[in-house]
1. I need the full set of residues from region 137-181 which are more than 25 Å from residue 202 (Cα to Cα), touching a helix residue (DSSP H, G or I) at 6+ places or on another chain (Cβ under 9 Å) and among the small types (Gly, Ala, Ser), in order please.
2. Just checking, which of 139, 168 is among the aliphatic types (A, V, I, L, M), at pLDDT below 95 and under 22 Å from residue 66 (Cβ atoms)?
3. Filter region 185-208 down to the residues that are outside any strand (DSSP E or B) and either among the aliphatic types (A, V, I, L, M) or within 21 Å of residue 165 (Cβ to Cβ) (or both) and list them by number.
4. Please state which one of 70, 51 is part of a loop (DSSP other than H, G, I, E, B) and more than 18 Å from the chain's Cα centre (by Cα).
5. In region 132-189, which residues are surrounded by 15 or more Cβ atoms within 10 Å (Cβ to Cβ) and free of Cβ contacts under 8 Å to residues at least 12 places away in the same chain?
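The values are calculated or read from the model by the stated rules, or taken from the named source; none is laboratory data. Predicted model only: the values in this text are computed from it and were never measured. With ideal geometry, Cβ positions are generated from the backbone for all residues, glycine too; neighbour counts draw on all protein chains shown.
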Amino acid sequence: MKIETRLPIATISLLLLSLSLSLSACTPAVKVREETMMEAHVKTITPERRAAIMARIEKEARGISTGSGAPNKAFVFFDPHCSYCSDLWRATHSVENQVDFVWVPVSVFGEESAAMGAVILESANPAAIMSANEESMRLSENPLAITSVPTEAALSTVESNTALMHALDPAAPIQSVPLMYYRSAKGQIEVIPGALDAGALKSALKLE
């Protein structure tokens, strides 16, 4: 006798869902298909809209520059508690002599993220604090312990950055970090959601 085993539809759905997981960005909730949706959405942003978005970022975003002053410029919205942001941070080291990166702290994960972002912004050596935080995230998946109380002004800046990130592209299917806006020396503007490794980043930025 041939016995057929049929899995319940709900079980099949869960299995398919687990196979589709490919997280490359941080959000307050677990992401499944949203990254693919975001990548598809980015392709629909017109050059004119990209130019308007970039102009607003250059005017309103407040972050720390870790590049060499190169004519290629990238603004990266990041949350200090986001492990994918840490991955991107390390990947950018391979091209930081070609791109001037400005890291714009936002609060996706709440008050603790805002506090760390504020501490980074007002540090005497913000790049060093950020580097220590990202290294802590890499080693333990925990952010650096805060040893000082951030000022209200710095906290307000992180809040403004967060509001700006959401306002730049209200049609986006999901708001996640890291989120990079890049202008090449030739004026081409790219929107790059999620973390990339060094090779993929160089390709996305069209660097030789």
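1. Hits for region 137-181 are 145, 148, 153, 154, 156, 160, 167, 171.
2. Numbers: 168 fails: at pLDDT below 95.
Just a single option satisfies the conditions, and that option is 139.
3. Going residue by residue through region 185-208, those that are outside any strand (DSSP E or B) are 185-188, 194-208.
Hits for region 185-208 are 185, 194, 195, 196, 198, 200, 201, 204, 205, 207.
4. On the way: 51 fails: part of a loop (DSSP other than H, G, I, E, B).
Being part of a loop (DSSP other than H, G, I, E, B) and more than 18 Å from the chain's Cα centre (by Cα) holds for just one of 70, 51, which is 70.
5. 136
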